[in-house]
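First the structure, in the form of structure tokens, and then the observations on it.
The values are calculated or read from the model by the stated rules, or taken from the named source; none is laboratory data. Predicted, not measured: the structure shown is a model, and the values here were computed from it. All Cβ positions, even for glycine, are placed from backbone atoms using ideal geometry, and neighbour counts span all protein chains on display.
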Amino acid sequence: MDIFEESLELHKKLAGKFETSPKASIETQHDLALMYSPGVARISEVLASEPERARELTIKSNCVAIVSDGSAVLGLGNIGPFGAIPVMEGKAVLFKQYAGVDAFPICVRTQNTDEIIKLVRNISPVFAGVNLEDIAAPRCFEIEERLQDLGIPVFHDDQHGTAIVTVAALLNAAKLAGKKMSDLKVVINGAGAAGNAIAKMLLGVGVDEGSCEPVKEVLICDSKAIISRNRADIKENAY
């Protein structure tokens, strides 16, 4: 049995990779009154007048929404929201296992930019942050940018997560090689969400004896060649 069939059997057995569980048990009528009615009414009254206390009194203290439209799932492409569910479940497990953060997959049956933005805005009261995941470029850029006023972190994993890890690895490699970041020329093979975010970060940061210096040059390649204004197939408004 290869890893793919083994994974399929595991998922059949588990029927989902995680579950929700209460932080306090309900053993008595008094417990029920505290956790739910009538005691919970007091919490609702407080939050209705002081919504900023949601982080203190609710799951918003430590819960992230993992939002995907299934348009760019792993290396599988546009396979839709159902294909995205097991991947987003896995990401939720990683959040909990490695960071102690509760997370929940939100896989939506739309690939309309405005609808996704509206949905995230409408569910945001529950969450401390939003992780946009496996949303295809260029739609992912606009969604992330237009949600920066939400009042909570909105992070696109394929852009910022990949860029942070890549730049960290390059910083370490430069240090081990005895080179400065400003001496480096970097070639990025792929001009999607990750490639663009990596390029922006490399051109904006670089650590050299405590000062910030960008890398010397970044070349981004798509499926045809190096991206350049001199290419006839590149539209000016792409920049």
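ALA65 passes all but one of (1) crowded, with 20+ Cβ neighbours inside 10 Å; (2) more than 22 Å from LYS23 (Cα to Cα); which number fails?
The number of the failed condition is (2).
Got at least one residue in the stretch 166-177 being in contact with a Cys (Cβ under 7 Å, 6 or more places away or on another chain) and modelled with pLDDT under 95?
no
Name the residues in the stretch 54-67 that are without any contact (Cβ under 8 Å) to a residue 60 or more places away in the chain and in contact with a helix residue (DSSP H, G or I) (Cβ under 6 Å, 6 or more places away or on another chain), would you?
LEU57
Can you tell which of GLU19, GLU56 is modelled with pLDDT under 95 and more than 22 Å from ASN122 (Cβ to Cβ)?
When all the criteria are applied, what remains is GLU19.
For the stretch 68-86, what are the residues that are closer than 11 Å to ILE106 by Cα and either exposed (fewer than 15 other Cβ atoms within 10 Å of the Cβ) or without any contact (Cβ under 8 Å) to a residue 60 or more places away in the chain (or both)?
Listed by number, the residues that qualify are PRO81, PHE82, ALA84, ILE85.
In the stretch 188-224, what count of residues is obtained for those that are under 25 Å from GLU142 (Cα atoms) and either exposed (fewer than 15 other Cβ atoms within 10 Å of the Cβ) or modelled with pLDDT of 85 or more (or both)?
Looking only at that region, the number is 21.
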